[in-house]
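In what follows, a structure is listed as structure tokens, so that the remarks can point back to it.
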Amino acid sequence: MQHSRIFNLPANHSLTDARLIITLYQPNPPEVIASTQAMLARIQNLPQAWPLSKQLLGRPDEKVQFFGVLTIIVKLNTESKPIVNEEATELLVCLIGWYVDLIAKDGSRLVTRKLVSALSTFFIHYHTIWPRFLDHMGACLANNQAWRPEDVQHTLQMDQILDMLGPRQMQALLWVATHVVEDVTRLDPNSVKNATSYKTTLESTPSFLTVLARCFQSKGVPAPILEDAIRCLQSWVIFTQKAPTHENDVISLVKPLLGSVIELLVVDAVYDASAELLTEALSNSPSLFTSDHYSLFELLFKSPWAVGFYQRIAEGDFAFDSIQFAQLLLAFADTRMPLLVQNCHADSFEILSHLCGLISAQGYPVVDDRVFVPVVEFWSSFAEAIPDHLSVDHSEEQPWKVHAYALLLKACSNAWQKITYPPSTEVADWDSNDRAGFADSRKDVIDLLQSVYALIGPQLLGTFAETVISSLKESAWLRLEAAVYCLGGLADCCQDDDRCDGFLTSVFHSQLFTILRDGRASVPTRTQQTCLQLIELYTEYFERNPILLPPALELLFSTLGDKVMAPAASKSILWLCSSCRAHLHTEIDAFLTEYGRVVTEQQLDCATSERTIGALSSVAQAIPHPTERYCKYGRILDFIEVELQRCQLLASAHKGIDVPHLACSDTLSEESPSLHMALKVLRCLVGMGKGVQSPAENAIDLEHEKQGGMTQDDALPEIQRRIVAVIVEIQKMFPTSSEVTEQICNVLRTGFSETEPGPFVLPPSEVAQYLTSHSLATPRVGLFISTACSFTSSVRGKHNQQSIFFTVLRWVVGILRQFPYDSNKNADTGTSAQIDISAEPEVAQNAIEISSRILTKDPSIMLQVQPAETAEFFFLFALQALDGSEPLPKAAAAEFWAAFVNVRSGDESCQTALSGVMNTLGPLLCQSLARNFGGNASRSELDKLSEPLKKLINRHSRAKEWLEAGLHHPSFPSSKVSQTEKSMFVKKVARFELTPLAAYATIADLYTVSAALVRPTK
């Protein structure tokens, strides 16, 4: 065999030493393996790697031969300069020669497979000189020698070649065919450079199909060849679907072969390959199958062969072949969904019955049963498909409907029983994946139930109501949990459907509450939790049936002392009390007494306390008479103040007082018990603040709002004093805690949205005084500024507003004056020193945002604030933020300047003052904008920065003059932008109405020219 000239390059003998390759596959330290791999990779990139591969293939060691073929593949993929056609042809002849020789000698399978990969790689790169690759490969194998492609006569047909091939050669041909198709399929069919690869492969369609037809239609074909033929057909099917062709004949030629594969399903030796191919084709290419194919499938799925699979799966056999069968059946059923629906009373009934039976196979979903979830998903799809086939006017008799609904009810029955939890001891043996998978399978069952409810209605709910009652009588706690879980899953379907109330009443009027309250010790924890969650899910039902509220809440309050049950109980308590407060206020004393009993006996965790306090506050808020209402608020505050006292005792523990029993139950070992308790107190205040808020559905009395308030009960100021005292005391105890700051702000915010007097609607002057008492040294002072921003929006009455706005603005600017200066940051603007905004970006952002809010509400505040230097400092700060690199303050500054240049006042003197200020600030603002558009900003910030420019152009006659001066200012960052380009930019923005798109495009053009020159030098 003559070798290509590329193999005749001089080879260094040291490179051919196979010991280095053998070392790679021997046990060695990681560093030795890594260095060996690096050395061999360098060798493969040398020109001498071509002759090296030839020498390695001549060695007897399998690993050395493998590396030799790998080297050829690497060279084909990485060679920067393609080899010429003549050398490529000679390389192909060498590869085929080695391959034919290995096949004839039944050589190493590892090396043989790698040579198949090398031949496929060659085809990808040099298919133009190997157009009839399959015919050529077959001819070489048939004659047991390597020929040049042009030596194979064009008259030689694949049928003739196949007659000369033995089983081993036929298998070798299938390997090459499969690998080539798979490699071509990986190429992007929409890329021009790959078009010829697809075209050449498609031209081999007749040869492909001839080879496959011979394999499928001949008698006595060995199973390994049949399996390889099926794999090849699967690759070809995927290829035809991806290939950029509209030639239906190419696809139609594949169809007859699929019938042969369907028939091969019953052959055990090739079952895996057949099932995989057919499942793939049914799922992704159903158009490949004819009506005859589907009829053949139906016969198979009703045959004794299929019955054997049904039985094995039902008995809990989830071996790979069983799972494959289920996947194939589901792929077929999904494809034939419309016909299955309409024929479920006739031909399809048997298959659908089997699918229904698969749900109840032995074993727990996901943990044991791997087909449960896809089968349940099928039945959900089946239910969702039914409306498409129902008669609109119900005039036409549809015999399939009754059978379809019966099958769905049977599927639901099998499914919900299957998701019953095993005893807790068995669940304890599951790993985290099993637990999560089982829980997810329960959600899939709920999806099925909801789909079926849309068809069948409350009848489905009644099924679970009956099961709940029977389970209670039989003390079948695990079955009860599953039935209650499913009942809860249907809550969204029937929350406004009073047809369900009868079924729900039978559940909630049963012994359920009594058993859970009095016989809790015998009921598993999971069952208790699910039952408590059911109460929360059916809040709307309890609103319609308030008579059941007291016993439900009595049960929930009784479980608060159970650490495991408390989270679920407190959530349900909060939902019920918040939604049904109007029905519950007469029960407030009983609720307060019960809560007092619980917290006296033990500590509750933070979330439970916050929710329950919020629930009690919601009920108290509904009390009609203010005096009585404030009295109950006071009792709720008593609970919070007790927690504060415990916090104070815990804080004294370092003085020798032993109080571990006072710590909150969910305090972590690394936490400070006293700080944790302080945060709990504040969270309870937040819960109370949310609870006493007026319900959203309550109408706002606008006449009352105009009157400026109503007569307050004398008790209200005292309650407010106590709330403020708690806040002040905790902040005093933990002055450096940012978490305390955050929770205090949350407490204050609860009163801002209220329009009527209430415990958390504190006097505006006191709120302003408290907020403005903080300095830059306060932890997370930015949160106080953000809270003040919300506060300014809630202040009503012009006199109150102005006084508070002046106070807040002076405070905010005072904090900004405490920022450090950075004398190094003056290059861009030419100023002597700049404020270091990066020191506190959150504070800077919130300060600018609150100033924007005040400006929008009353522009005169910014102009009349005293001392006058206050406004001047803020304007310069906002300009520096606009010039800065901190994204959030920069965005806030852009919004402020957009608002400022656009502001208008009905007061003539105020408008005159605004115009005077703009004459001073306009040029400075345009300089800053020019610097940003010139490259200092990032591209993502241009949209925000365009807003002030649009407002300037539309509102101020001198904007064009200011902008032009800004572009020519020495601080403009790019010296490469020409004067013409700058002038053109000004003309563009001044010539047209600045729509958002036009403004952005114009600015982006300047930015593109500037930024490319500015960025690299920064």
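So what does HIS774 come to for accessible area, using a 1.4 Å probe and Å² rounded to 10?
So the heavy atoms of HIS774 present about 20 Å² to solvent.
Using a simple spin-label model with points 7 Å from Cα along the Cα→Cβ vector, what separation in nm is obtained for LYS732 and ASN28?
So the label points at LYS732 and ASN28 sit 7.4 nm apart.
For region 234-389, what is the accessible area per residue in Å² when the probe is 1.4 Å?
Numbers: 6230 Å² over 156 residues.
Counting only protein heavy atoms, the per-residue value for region 234-389 is 40 Å².
Top to bottom by accessible area (1.4 Å), largest first, where do ARG168, ARG958 land? Before the final figure, lay out each step's value.
Values: ARG168 60, ARG958 95 Å².
From most exposed to least exposed: ARG958, ARG168.
What translational diffusion coefficient, to the nearest whole µm²/s, does region 71-168 have by Stokes-Einstein, given a Kirkwood radius computed over alpha-carbon pairs, a temperature of 4 °C and 1.567 mPa s viscosity?
Working: Rh = 14.0 Å.
In µm²/s, the coefficient is 93.
Express in Å², to the nearest 10, the accessible area of LEU20 obtained by rolling a 1.4 Å probe over the protein heavy atoms while all chains stay in place.
The accessible area of LEU20 comes to roughly 50 Å².
Round to the nearest 10 and report in Å² the accessible area of LYS199, as given by a 1.4 Å probe over the protein chains' heavy atoms.
120 Å²
Can you pull the percent of region 59-197's accessible area that's carbon plus sulfur, 1.4 Å probe, other chains left in place? Mind dumping the intermediate values first?
Working: 2980 of 5940 Å².
The nonpolar share, carbon plus sulfur, comes to 50 percent.
Trypsin sites (Lys or Arg not before Pro), restricted to region 287-366: which are DSSP loop and have at most 14 other Cβ atoms within 10 Å? Can you show the working numbers first?
Values: sites: LYS302, ARG312, ARG336; in loops: LYS302, ARG336.
Qualifying residues, ordered by number: LYS302.
Out of LEU771, SER938, LEU574, whose Cα points farthest toward the positive end of the dipole of the chain (charges: +1 Lys, Arg; -1 Asp, Glu; placed on Cβ)?
Positive-most Cα among the choices belongs to SER938.
What number results when the radius of gyration of region 457-544, computed over Cα atoms, is divided by 2.2 N^0.38 Å?
Here the answer is 1.00, to two decimals.
Calculate, for region 594-642, the solvent-accessible area per residue in square angstrom, rolling a 1.4 angstrom probe over the heavy atoms of the protein chains.
Values: 1640 Å² over 49 residues.
So region 594-642 comes to 33 Å² accessible per residue, rounded to a whole number.
Around GLU947, under 13 Å between beta carbons, what's the net of Lys plus Arg minus Asp minus Glu among the other residues?
Numbers: positive: LYS890, LYS944, LYS950, LYS951, ARG955; negative: GLU895, GLU941, ASP943.
My count for the surroundings of GLU947 gives +2.
Taking all pairs of distinct Cα atoms, average 1/r, flip it, and tell me the Kirkwood hydrodynamic radius of the chain in Å to one decimal place. Provide the component values of the computation, followed by the final result.
Details: mean 1/r = 0.0270 Å⁻¹.
About 37.1 Å, per the Kirkwood formula over Cα pairs.
For region 457-544, which whole-number percentage of the solvent-accessible area (1.4 Å probe, protein heavy atoms only) is attributable to carbon and sulfur atoms? Don't skip to the end; give the middle numbers.
Values: 1620 of 3500 Å².
Carbon with sulfur: 46 percent of the solvent-accessible area.
Charges at C-beta only: +1 for Lys and Arg, -1 for Asp and Glu. How large is the resulting dipole of region 457-544 about its Cα centre, in Debye rounded to 20?
460 debye
Counting only other residues whose beta carbon sits under 13 Å from that of ASP447, what net charge do I get with K and R as +1, D and E as -1? Working shown, then result.
Details: positive: ARG442, LYS443; negative: GLU377, GLU384, ASP440, ASP444, ASP492.
That works out to -3.
In the chain, if the dipole is taken from +1 on Lys/Arg beta carbons and -1 on Asp/Glu beta carbons about the Cα centre, which of MET984, LEU162, LEU679 is farthest to the positive end?
Positive-most Cα among the choices belongs to MET984.
In square angstrom, what is the accessible area per residue of region 457-544 with a 1.4 angstrom probe? Provide the component values of the computation, followed by the final result.
On the way: 3500 Å² over 88 residues.
With all protein chains present, region 457-544 gives 40 Å² per residue.
Using a cut-off of 13 Å between beta-carbons, work out the net charge of the residues near VAL341 (Lys and Arg +1, Asp and Glu -1, VAL341 not included). Show your work: numbers first, answer last.
On the way: positive: ARG336, LYS401; negative: ASP334, ASP347, GLU384, ASP388.
It works out to a net charge of -2.
If I fit a long axis through the Cα atoms of helix 109-126 and take the longest principal axis of the Cα atoms of the chain, what angle between them do I get, 0 to 90°, rounded to 10?
80 degrees
Let me check I have the definition right: for region 368-456, take the eigenvalues of the Cα gyration tensor, multiply each by 5, take square roots. What are those semi-axes in whole Å, largest first? Mind showing how you got there, number by number?
On the way: eigenvalues 221, 24, 17 Å².
Result for region 368-456: semi-axes of 33, 11, 9 Å.
Charges on Cβ only, +1 for Lys and Arg, -1 for Asp and Glu, centred on the Cα centroid of region 457-544; of LEU504, PRO458, TYR485, which one is farthest towards the dipole's positive end?
TYR485
What is the dipole size for the chain, taken about its Cα centre, with +1 at each Lys and Arg Cβ and -1 at each Asp and Glu Cβ, in debye to the nearest 20?
On the way: 83 positive and 114 negative charges, 658 e Å.
Roughly 3160 debye for the chain.
Could you compute the longest span of the chain free of GluC sites (Glu not before Pro) located in DSSP loops and having at most 14 other Cβ atoms within 10 Å, not counting the site residues?
Details: sites that count: GLU247, GLU315, GLU396, GLU397, GLU670, GLU671, GLU697, GLU993.
Answer - 698-992.
The values are calculated or read from the model by the stated rules, or taken from the named source; none is laboratory data. In this text the structure is predicted, and so the values were computed from the model without any measurement. Note that we place each Cβ from the backbone using ideal geometry, even for glycine, and neighbour counts take in every protein chain shown. We work out accessible area using only protein heavy atoms, side chains counted, and drop any ligands, DNA or RNA first. Shrake-Rupley method; radii C 1.70, N 1.55, O 1.52, S 1.80 Å.
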